[in-house]
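The structure under discussion appears below in the form of structure tokens.
Readers should treat all values here as calculations from the given coordinates under stated rules, not as data from a laboratory. Please read all numbers here as calculations on a predicted model, not as lab measurements. In this analysis, Cβ positions are derived from the backbone assuming ideal geometry, glycine residues included, and neighbour counts consider all displayed protein chains.
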Amino acid sequence: MELNRRNFIKLLVGGAVGIQVTPLPWKFTDDVAIWTQNWPWVPVPPVGAFETVTSVCRLCPGGCGIAVRKVDDRAVKIEGRTDYPVNPGGICPVGMGGLQLLYDEDMRFTRPMKRVGPRGAGQFKDISWEEAIGMLTSRLSKLRSQGRPEALAAVDGFMRGSTMSLLIERFLKAFGSPNYLRIPDAEETYWMANMLMTGREGPLAADIENADFVLSFGCGLLEGWQGAGRIINAWSILRERALKGKARVVQVESRASNTASKADRWIAVKPGTEGALALGISHVLIKEGLYDKTFVNEHSFGFDDWTSPDGKEHVGFKTVVLKEYSPAQVAGITGLKPAQIVSLAIDFAKAKAPVALFGKGKGTLNGSLYETMSVMALNALTGNLNRPGGLLVCDPLPLDGLPDFEQDAVAMTGTEKPRLDGAGTAHFPFSRSLINNFADTIAASAASPVDTLLVFSSNPAFTLPDGGMFKKALKNIPFIVSFSPFRDETSAMADLILPDHTYLEKTDDVVWPAGLQFPLYGLSRPVVEPLYDTRHSGEIVLETARKLGESVGKAFPWEGYEDVLKTRVKGLFRSGSGLVNYDGSKPVWEILKARGPVKPDYKDFDAFWGSLKANGLWYLPRYPVSKGEYLFKTPTGKFEFYSTRIEQAVSLSEKNSSREKVLNTMGVDARGDRVFMPHFEKSLARAGASGFPLQLVPYEMVNLASSWVPNPPFLKKTLFDNELLKDVSFAEINPKTAGEYHLKEGQMISLESPSGKVKVRVTLFEGAMPGMVYLPQGFGHSAYDEFLKGKGSNPNHIIHPSKDPVSGFPVWWNTPVRIIKA
């Protein structure tokens, strides 16, 4: 047959038809289905006995109870526990997909390894545990023998107050380094504001389930704030009451998020001006006499003008708010109308159990100190502190601390050296850790002051909003050790991998789940035996300490990590109260108002420990404090609208410098007594800069992990085509702003900031505030497996953070950007 155009087309058509009428394509489809089912991380159960094992999820600070269904030894499904008081049967999408984090070998490290290729290439060689721990101890021993223990630093991503965190911090102290670092999150901001205004250092909790008016300043209640399992259940309770006119939810944020869209009312303010709105509401409450005068007069300090013992006159919170935060003034800051502020304030004041929440997104990143103080002041004005439905100021759980130990001379000398991040100095007097400053210091040094960096349960090269500064710093550090179970971006920069178990393979604790309104201690347990040659990080710390010799090892007298846990929980046992069993018959939030002690449901410590391990909890179904009991621990013994601790810190620094220089160093724009009170700092809401007229605002999604935990690959199927299309993520832009730049739906653009540039597509969104560009957090990985690597852009890589006044935390929500057309 002649091969001409006509015959060539006949051949193609005939071939295509022939294939369709043969079983070939169907056989191919069947083979593909079988092949995908044989992926090792796809939970296809074998034939065998069914079993359900309960535990506690530790993927976020929410501490939800989980039930894992197994067939023989293989876990096949994760559900929320109905017999756990935190999350009555609820669980978030990431929690449901946790089995992929367990079984995906492409995502995990399966054994200890050492780097053999260029740093950052992710090229590693398998080694034994003996060799791995030998490499670490040899490196650390050399630092101590050289008298340089401060050249060790550690980044701790475990939950605040957890036993692992205490163990890591203890290790650095025994070794002799002051450079213990944490990832900045909302809990650190809450702690600081709570300490300054109430003097308490326990958790802040919100009794959302018993509130009748929830005013949320940026909290992503439906995006996974604090703990999605609990909060989504609380949302359903509030919505049921709302249908009866008995509850309302108002969301304050610039973007029409899921929370804002489903709230009773959405208040769209300019990003960074939430604190100004809180002060505007306070203005209306004070002016109209709608505040709790009994609480303010008897239990607060600094509300009215006052005179100090030295005869100096001071203006009070009331005077400042009435003078500077009228509805008209606040409207000019926030972009709202004065009438909106007035009506919101009156509705909030008339509620019987109102609560104002503060935070941004899921709470995985920090907030602003003065903004948080402004919202706390609003709660105080209503008098709804330590009352049902209000904000609860709590003491820590009655856990035992780890025993004191005596440092040797090397350790004492090392810990007396200044911290590399400046935390706790006159510049940032109340901060305990400032990892962004640490990265700036390392990156700017010709020779790194850190020789060895230990990284636990975190991925700062991806999650820190720093424009890639931490990754730049990693390039300067001679030796990096990752304890991550996952092949993340930070681990790719490491020299030594000592992989931890995943949360489904080990025992560890959750100390008071974030925001929970009653005391609870959670304890996870293995639901499967460790799949690979990994080890619990706690055991590695203990073994390393012992191998460093008596000087360090004496601070770690425990045989194993479980012994450390038992040491701490003896305090719970000795408290003589609390329960270690919960049947789920009645929600705890319904019985919190009960009076009287809670009789323990255990007789001795062995019974207590056995039930704690089996059920995963100790809890006290009572409010942390009695109604009307405040017990503030500030220097004045009262709730402080005027923070005497900030005043003391500034006064102490004034001995070496002028007040003007001190405040400039702390980054505070305000002057006079306003420095010591909740107020609005203009630097928090900068909108645009020279050559960068737009403002970048990152946002979070409930079905996209944005913390150090990788996103389960199956969740990619829950993303819409205007969130991720192939390998490109989208920027939400208001149609009005898009029109000014002649942009169309789906158009490819580059977003550029002073720190970098990313490529995205445009999606037009009426719920986006004009002049803003919104990017989702959680995309843009350069590590893990094929389902996460190279998918979308990470906004953290172009964030150009300033520093939050006083706290020094990164301000990540107001980066100036510009659009460059592709």
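Peptides 64-73, 408-417, 434-443 ranked from most to least packed, by the mean per-residue count of other Cβ atoms within 10 Å: 434-443, 64-73, 408-417. Ranked by the mean number of other Cβ atoms within 10 Å of their residues, highest first, the peptides 342-351, 511-520 come out as 511-520, 342-351. Could you give the distance between the Cα centres of the stretch 778-822 and the stretch 607-648, to the whole Å? When both Cα centres are located, 35 Å separates them.
Considered as an equivalent ellipsoid built on the Cα gyration tensor, the chain has semi-axes of 41, 35, 30 Å, the largest given first. Cross-link partners of Lys244 among lysines, defined as those whose alpha carbon lies under 28 angstrom from its own and excluding same-chain residues fewer than eight positions apart: Lys262, Lys350, Lys352, Lys586, Lys593, Lys627. For a straight C-alpha distance cut-off of 18 angstrom, the lysines reachable from Lys142 (same-chain residues fewer than eight places away being disregarded) are Lys173, Lys547. Of Leu592, Ser793, Trp708, which is farthest towards the positive pole of the chain's charge dipole, taken about the Cα centre with +1 and -1 on the beta-carbons of Lys, Arg and Asp, Glu respectively? Highest projection toward the positive end goes to Ser793. Residue by residue, the stretch 669-683 carries 3J(HN,Hα) couplings of 7, 5, 9, x, 5, 4, 4, 9, 10, x, 7, 9, 9, 4, 5 Hz when phi is fed to the Karplus relation 6.51 cos²θ - 1.76 cosθ + 1.60 (θ = phi - 60°); x denotes Gly or Pro. Ranked by the mean number of other Cβ atoms within 10 Å of their residues, highest first, the peptides 535-541, 651-657, 816-822, 192-198 fall in the order 192-198, 535-541, 816-822, 651-657.
The charge dipole of the chain, taken about its Cα centre with unit charges on the Cβ of Lys, Arg, Asp and Glu (plus for the first two, minus for the last two), comes to roughly 1340 debye. Dipole orientation for the chain: of the candidates Thr737, Ser658, Ile286, Thr737 has the Cα lying most toward the positive pole (charges on Cβ; Lys, Arg +1; Asp, Glu -1). Dipole check for the stretch 34-171: with +1 at the C-beta of Lys and Arg, -1 at the C-beta of Asp and Glu, and the Cα centre as origin, the magnitude is about 580 Debye.
So the label point goes 7 Å from the Cα of Thr425 along Cα→C-beta, right? Which residues of the stretch 774-811 then have their backbone N under 20 Å from it? Answer for the stretch 774-811: 801-811. Multiplying the residue separation of Ser657 and Glu559 by 0.36 nm and subtracting their alpha-carbon distance yields 30.2 nm. Charge dipole (Cα centre; +1 on Lys/Arg Cβ, -1 on Asp/Glu Cβ; no other charges) of the stretch 548-652 amounts to roughly 460 debye. Report the residues of the stretch 117-131 in range of a label on Lys475: point 7 Å along Cα→C-beta, backbone N strictly under 12 Å from it. Hits in the stretch 117-131 for Lys475 at 12 Å: 119-120.
Considering only His501, Ile333, Thr634, the residue lying farthest towards the positive end of the dipole of the chain is Ile333, judged by Cα position with unit charges set on Cβ. Beta bridges per DSSP, both residues in the chain: antiparallel share near 55 percent. The phi-based Karplus calculation (6.51 cos²θ - 1.76 cosθ + 1.60; θ = phi - 60°) puts the 3J(HN,Hα) values of the stretch 740-755 at 5, 9, 6, 9, 10, 4, x, 5, 7, 9, 10, 9, 10, 10, x, 9 Hz, whole numbers, x for Gly and Pro. Which of rounded, prolate, oblate describes the stretch 680-822, given a ≥ b ≥ c as roots of the alpha-carbon gyration tensor eigenvalues and a/c under 1.5 marking rounded, otherwise prolate only if a/b is larger than b/c? Oblate is the answer for the stretch 680-822, as a/c is 1.5 or above yet b/c matches or exceeds a/b. Between Tyr532 and Phe720, the FRET efficiency estimated from the beta carbon spacing at R0 = 35 angstrom works out to 0.50. Shown in residue order for the stretch 297-310 are the 3J(HN,Hα) couplings computed by the Karplus curve 6.51 cos²θ - 1.76 cosθ + 1.60 at θ = phi - 60°: 6, 9, 10, 10, 10, x, 6, 8, 4, 8, 10, 6, x, 7 Hz (x for Gly and Pro).
The distance between label points at Asp310 and Lys682 comes to 2.9 nm (points 7 Å beyond Cα on the Cα→Cβ vector). Exceedance of the 26 Å cut-off in Cα-Cα distance is limited, within the set Lys736/Lys821; Lys472/Lys726; Lys471/Lys759; Lys506/Lys633; Lys475/Lys803, to Lys472/Lys726; Lys506/Lys633.
Here the calculated FRET efficiency for Ala339 and Lys603, from their Cβ-Cβ distance with R0 = 60 Å, stands at 0.45, rounded to the nearest 0.05.
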